[in-house]
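The values are calculated or read from the model by the stated rules, or taken from the named source; none is laboratory data. As the structure is a computational prediction, the values presented were derived from the model and not from experiment. Please note: Cβ atoms are built from the backbone with ideal geometry, for glycine as well, and neighbour counts cover all protein chains shown. Calculation scope for accessible area: heavy atoms of the full protein, side chains included, ligands and nucleic acids excluded. Shrake-Rupley method; radii C 1.70, N 1.55, O 1.52, S 1.80 Å.
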Amino acid sequence: MVGGLIGGIMATLPSKSRRRNRRPNKTEQETFAFGEALMKPPVPLHQSQQERSWLEITPEGTSTSLILLNKLKTIQHFQLPLRDLRIVDPMLATSYPSALLAREKSIIVNMEFVKMVIGLDRCYVTNLEDPNAANFVEYLQGRLKGLQDSGEKDKEMFLPFELRVLESALDYVSKHLEQQVTDVEAATHPALDALTQTISTSNLERVRRIKNRMVRLNLRIETLKEVLEKTLDDDADMKDFNLSALEEERLEEVNRELQRMSSTPFDMPMVTASSSFGKAGVNVNAGYSSSSSSDTSLDSDEDVEVVEQLLESYFMRLDNTWNRMQTLSEYVDDTEDFINIELDSHRNQLIRLDIVLTTFTTSMALITAVTALFAMNVRLEPDGNGDGKAPYSWFVIITCCSAAGALALFTLVLAYCKWRKLLMF
């Protein structure tokens, strides 16, 4: 009985060949697909979303290494918050157009295509995919190397490394904007001259493209100019840009604190203000603190003055470039006004011609009215037979009188318009 039951169960089970040829149903297919998806390795993010390249440049102008950092490693490496690193993100260029920010131990620079972080002895440049940024890196390296051997060493070597890099960035961006303004000027004048000579659709479209280019360039120059102006208006911001001076102040403060702690014995009794020594001690400390504060203020003024002179020179340079754009914009506006005046003149000529033609049509309507009147009531014969029909000479007289009346009416209307200065001939 047991053998028969086992045989029945084995008969109900599909054989191996049947299981091999059986087609899986929809539920089994979805299960297999889900299992295969779990077995596959995770798809890595795109490299531009995961890592960004930073070129490290030393004060000697050499590129030590090309660092690839993701967002977390970038925050740890530069010790900056993520909101500051977004400023130099090439993918967010429209959200953060231009900015100069001073932090505790670094300067964040975002000017046009120049996006970098400047430290005390290193600077890191990103956005290397842009050809202009690559050219800037070569310019910066050449300038840093040239300061070691050229005659400008005595003039510029007193500037700390961060200010030299900032000056190089401002100089290169200013030259780039000046070159673009020169190119726009070279393209604008021929286009406006051609439009002045011939007002056509192609010339108007050419001027429209140039004007759009001018508006975008003017906005870029004005934005960078406002950034420098905002920095120049705040002495605290200018002082923060001198990272080397701030670092020296920190070291001096630490040294003074260490000297004060080492010169003060631990078993020295507490001095009260009632004793004469206490009063003298208080005066001595006050004199020391006042002298140190005055020295610190003088040093701060010198540090601010160095940054102010640096930024002010390039602010004036950008202001000159902006003035060139304003002059070019005024020239374009004057040309547009001239074109509008010329079009208005042609429009007035057409209106004048329309008035003359309308007056002439009205005068000719008199002849039409006379013709219709006599056509219904006068019968004309070439030869009068005395049967009540008018002779043909009446036709000639009526026609001549109607033409003379129409001409007189036309002349009177034109004379009236000229007298009222409605028409200028």
Query raised in the report: Is it true that some residue in segment 86-93 is open to solvent by 50 Å² or more (accessible area, probe 1.4 Å) and not charged (D, E, K, R)?
Result: yes
Query - Residue count, segment 346-361 (criterion: more than 19 Å from Gly405 (Cβ to Cβ) and either in contact (Cβ under 8 Å) with a residue 40 or more places away in the chain or not in a helix (DSSP H, G or I) (or both)) - result: 2
Query raised in the report: Does segment 314-329 hold any residues that are over 11 Å from Lys225 (Cβ atoms), open to solvent by less than 60 Å² (accessible area, probe 1.4 Å) and not hydrophobic (A, V, I, L, M, F, W, C), and which are they?
Result: Gln326, Ser329
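Condition check ((1) within 28 Å of Asp344 (Cα to Cα); (2) open to solvent by less than 50 Å² (accessible area, probe 1.4 Å); (3) at pLDDT below 90) across all residues:
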{"position": "Leu192", "(1), (2), (3)": "yes, yes, no"}
{"position": "Lys225", "(1), (2), (3)": "no, yes, no"}
{"position": "Asp234", "(1), (2), (3)": "no, no, yes"}
{"position": "Glu248", "(1), (2), (3)": "no, no, yes"}
{"position": "Leu258", "(1), (2), (3)": "no, no, yes"}
Query raised in the report: Within segment 151-160, can one find any residue that is at pLDDT 90 or above, open to solvent by 50 Å² or more (accessible area, probe 1.4 Å) and assigned to a helix (DSSP H, G or I)?
Result: no
Report summary line: Counting only residues that are in contact with a Ser or Thr (Cβ under 7 Å, 6 or more places away or on another chain), over 15 Å from Ser65 (Cα atoms) and open to solvent by 70 Å² or more (accessible area, probe 1.4 Å), segment 98-138 contains a total of 0
Report task. Have a look at Trp419, Trp394 and point out the one that is open to solvent by 60 Å² or more (accessible area, probe 1.4 Å), modelled with pLDDT under 75 and closer than 23 Å to Met364 by Cα. Result -> Trp394
Report task. Filter segment 176-194 for residues that are in contact with a helix residue (DSSP H, G or I) (Cβ under 9 Å, 6 or more places away or on another chain) and under 17 Å from Phe113 (Cα atoms) and give the result. Result -> His176, Leu177, Glu178, Gln180, Val181
